[in-house]
Amino acid sequence: MTPSDVKATLSFSDGSPQMELPLYKGTIGPDVIDIRKLYAQTGKFTYDPGFLSTASCNSTITYIDGDKGELLYRGYPIEQLAVNCDYLETCYLLLYGELPTPSQKEEFVSRVTNHTMVNEQMQFFLRGFRRDAHPMAVMTGLVGALSAFYHDSTDINNPEHREIAAIRLIAKMPTLVAMAYKYTIGQPYIYPKNDLSYAGNFMRMMFATPCEEYKPNDVLVRAMDRIFTLHADHEQNASTSTVRLCGSSGTNPFAAIAAGVACLWGPAHGGANEACLNMLNDIQQMGGVAKIGDFIKQVKDKSSNVKLMGFGHRVYKNYDPRAKLMRETCHEVLGELGLHDDPLFKLAMELEKIALEDEYFVARKLYPNVDFYSGIVQRAIGIPVPLFTAIFALARTVGWIAQLNEMIGDPEYKIGRPRQLFVGATKRDVKPIAQR
Ligand code: CMC
């Protein structure tokens, strides 16, 4: 971190001594005020629920400029990566900091491909779940269970363990998601096929049956690969921060990633694409395009607690750059499948148009986020709605593991241990039950 010549001075209105706080400069983005010595010197904590003004770490992986609507992985704009690179090249970039050369790519793809199978015993573990369990409940369990199946890569302090755990997680997530899906529909699991691409193999494990040959459609495979690339990392979001905090105790990588999966499930985070499609279905059932006005009215009424899912973002206060790319993919996929007249897609386009012109959304800088379109694309590909977030988890695994490994390698890394502003009862005596 580069110290700045500028210092911040903290003063108190009660005459307590001032404190000078160092500032650090990033390569881009806001400077940070270093408050690590604040408690020792003043006996005070800072208060920032939701981390609105707090940098929880320093990182070299992903940068977002929310006002410009810019997303960079290791300095490369997402728009260029999405067009020029495939998902596994993006994984390599996130993990190791540079785009691979052709031979590095070949070696990496071969390493990932050779780890796609999961321990055969895992299907018996999966069988313990109800068939109607939510895929994210199953995925939280399956990813956590990897630590019980791969004992030889659970030492987070061993760089070789971290490396093999990273490859295993990236390689096995598609297999696990596809297994979770096949289990819910009662079809046989389809084993990975190593001559297919990462996304092509996933589609085959999802949609093939042992009875017929399955040929993945190139347009759909490209769309799936783009979904993976666009979701690969997103700096210190809730699930990534969860993975870092969980991993900071020294727990094994599979357990830390399982914590990330659990966090991602929430509708304010990864669950938004599922919630968005459910919302579109609800509006459709209410009467479709004609009912958009009523729905928007409900959204604007704070007491209704209804949100326009797939709109708004904590960081992007301009268009989400991933949404632009996903919108493009959405048109490509619907064109390929002849679904441009699909009523749900028409409804989504109309909803987007109305919301983008509405004063409520304009004033609050609420634009469509990636989830607004990714749900429509996945539905068109044939992915059932409850599986959407599991696919987000599959794609985000590389970001989680890159961030976790970065944290472990950081000499300033400590167990995460936030403090609190206590506003509960002060010390009091327990009365025996008869006197309460
Ligand atoms: N619909 C209606 N109003 C909204 C929405 C929305 N989707 N999002 C924000 N607002 C309003 C909010 O009520 C508030 O209004 P006011 O200032 O009058 O109180 C204002 O906009 C600011 O919102 P906020 O809740 O302070 O913003 P936040 O940064 O805490 O929340 C968010 C960000 C993503 C949780 C929120 O926009 C949201 O719930 N969106 C819908 C869910 C969604 O699509 N999430 C996916 C995020 S992208 C995927 C990912 O990266 O995980």
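State the extension gain, in nm to one decimal, for the chain segment bounded by Met19 and Asp65, taking 0.36 nm per residue of separation less the distance between their alpha-carbons.
Working: separation 46, 0.36 × 46 = 16.56 nm, distance 3.06 nm.
Length gained between Met19 and Asp65: 13.5 nm.
Give me the base-10 log of I(q)/I(0) for the chain at each q in 0.08, 0.11, 0.12 Å⁻¹, Debye formula, one uniform scatterer per Cα, rounded to two decimals.
Taking Cα atoms of the chain as identical point scatterers yields -0.51, -0.92, -1.07.
Which distance in nm do the two modelled labels at Val219 and Ser110 give, with both placed 7 Å along the Cα-to-Cβ direction?
Between Val219 and Ser110, the simple spin-label model gives 3.5 nm.
Could you order Arg204, Arg428, Arg127 by accessible surface area, starting with the largest, using a probe radius of 1.4 Å?
Numbers: Arg204 45, Arg428 185, Arg127 140 Å².
The ranking, largest first, comes out as Arg428, Arg127, Arg204.
Given a Förster radius of 51 Å and the C-beta distance between Ser4 and Asn84 as r, what FRET efficiency does 1/(1 + (r/R0)^6) yield to the nearest 0.05?
Details: r = 35 Å, r/R0 = 0.69.
Between Ser4 and Asn84 the formula returns 0.90.
Using r as the Cβ-Cβ distance of Ile433 and Leu337, and R0 as 56 Å, what FRET efficiency do you calculate, to the nearest 0.05? Show your work: numbers first, answer last.
Numbers: r = 67 Å, r/R0 = 1.19.
Given R0 = 56 Å and the Cβ-Cβ separation, E is 0.25.
How would you classify the range 286-405 from its alpha-carbon gyration tensor, with a ≥ b ≥ c the square roots of the eigenvalues: rounded for a/c under 1.5, else prolate if a/b is greater than b/c, otherwise oblate? Display every interim value, and only then the final one.
On the way: a/c = 1.84, a/b = 1.21, b/c = 1.52.
Oblate.
Over the range 190-278, what relative contact order in percent results from Cα pairs under 8 Å that are six or more residues apart? Spell out each step's value before the answer.
Numbers: 56 pairs, mean separation 15.4, N = 89.
Contact order relative to length: 17 percent.
Over the range 148-221, calculate the relative contact order: mean separation of alpha carbon pairs under 8 Å at least 6 apart, over the residue count, as a percent. Mind dumping the intermediate values first?
Numbers: 56 pairs, mean separation 14.8, N = 74.
So the answer I get is 20 percent.
Given a 1.4 Å probe and every protein chain left where it sits, what share in percent of the accessible area of the range 311-359 is carbon and sulfur?
Values: 1160 of 2320 Å².
The C+S portion of the solvent-accessible surface of the range 311-359 is 50 percent.
In debye, nearest 20: dipole of the chain around its Cα centre with unit charges on the Cβ of K, R (+) and D, E (-)? Could you put the intermediate results ahead of the total?
Numbers: 45 positive and 48 negative charges, 346 e Å.
Value, rounded to 20: 1660 debye.
Under a crude label model (7 Å from the Cα following the beta-carbon direction), how far is Phe149 from Val423 in nanometres?
Here the modelled spin labels are 4.6 nm apart.
In sequence order, what are the phi-derived ³J(HN,Hα) couplings for the range 117-132 according to the Karplus relation 6.51 cos²θ - 1.76 cosθ + 1.60 with θ = phi - 60°, rounded to whole Hz, with x for glycine and proline?
Computed from phi, the couplings for the range 117-132 are 6, 10, 3, 4, 5, 5, 5, 6, 5, 4, 4, x, 7, 5, 5, 9 Hz.
Where does the range 109-214 land on Rg(C-alpha)/(2.2 N^0.38 Å)? Write down the numbers at each step before the final one.
Values: Rg = 14.0 Å, N = 106, 2.2 N^0.38 = 12.9 Å.
My calculation over the Cα atoms of the range 109-214 gives 1.08.
Where does the chain land at 222 nm, in deg cm²/dmol rounded to the nearest 500, when only DSSP H runs of n ≥ 4 count, each adding -39500 (n - 2.57), divided by all residues? Before the final figure, lay out the partial values.
On the way: 18 runs with 220 residues, N = 436.
Theoretical 222 nm ellipticity from helices: -15500 deg cm²/dmol.
I want the local charge near Arg436. Using Cβ-Cβ distances under 14 Å, sum +1 for each Lys or Arg and -1 for each Asp or Glu among the other residues. Let's see the in-between values first.
Details: positive: Arg428, Lys431; negative: Asp429.
My count for the surroundings of Arg436 gives +1.
Starting at the first residue of the range 404-413, write each ³J(HN,Hα) from the Karplus equation 6.51 cos²θ - 1.76 cosθ + 1.60 with θ = phi - 60°, in whole Hz, x for Gly and Pro.
5, 5, 4, 4, 5, x, 7, x, 8, 5
Roll a 1.4 angstrom probe over the protein heavy atoms and tell me the percent of accessible area of the range 121-251 that is carbon or sulfur.
Values: 2790 of 5340 Å².
Roughly 52 percent, rounded to a whole number.
So how exposed is His161, as accessible area in Å² (1.4 Å probe, rounded to 10)?
Number for this one is 40 Å².
What is the local net charge at Thr329, summed over the other residues whose Cβ is closer than 12 Å to its Cβ (Lys, Arg +1; Asp, Glu -1)? All intermediate terms of the calculation are to be shown ahead of the outcome.
Working: positive: Arg222, Arg226, Arg322, Lys324, Arg327; negative: Asp225, Glu328, Glu332, Glu336.
Counting the neighbours of Thr329, the net charge comes to +1.
With a 1.4 Å probe and every protein chain left in place, work out the accessible area per residue of the chain in Å², rounded to a whole number.
The answer is 50 Å² per residue.
Between Ile185 and Glu212, what is the spin-label point distance in nm, taking each point 7 Å from the Cα along the Cα→C-beta axis?
Using points 7 Å along Cα→Cβ, the separation is 1.2 nm.
Give, as a single signed number, the net charge of other residues whose beta carbon lies under 15 Å from the beta carbon of Gln104, with Lys and Arg counted +1 and Asp and Glu -1. Intermediate results must be reported in sequence, preceding the final value.
Working: positive: Arg74, Lys105, Arg111; negative: Asp86, Glu89, Glu98, Glu106, Glu107, Glu163.
Local net charge: -3.
Let me know the shape class of the range 24-69, please: from the alpha-carbon gyration tensor, a ≥ b ≥ c as square roots of the eigenvalues, rounded when a/c is under 1.5, otherwise prolate if a/b is greater than b/c, or oblate. Provide the component values of the computation, followed by the final result.
Working: a/c = 2.85, a/b = 1.90, b/c = 1.50.
Because a/c hits 1.5 or more and a/b exceeds b/c, the range 24-69 counts as prolate.
What does the C-alpha gyration tensor say about the overall shape of the range 209-314? Classify as rounded when a/c is under 1.5, otherwise prolate if a/b is larger than b/c, or oblate.
Details: a/c = 2.61, a/b = 1.22, b/c = 2.13.
It is oblate, given that a/c is not under 1.5 and a/b is not larger than b/c.
Give me the percent relative contact order of the chain, please, defined on Cα pairs under 8 angstrom at least 6 residues apart.
20
The values are calculated or read from the model by the stated rules, or taken from the named source; none is laboratory data. In this text, all values refer to a predicted model and were calculated from it rather than measured experimentally. No Cβ is skipped: glycine too gets one built from the backbone with ideal geometry, and neighbour counts run over all protein chains shown. For accessibility, only protein heavy atoms count, side chains too; no ligands or nucleic acids. Shrake-Rupley method; radii C 1.70, N 1.55, O 1.52, S 1.80 Å.
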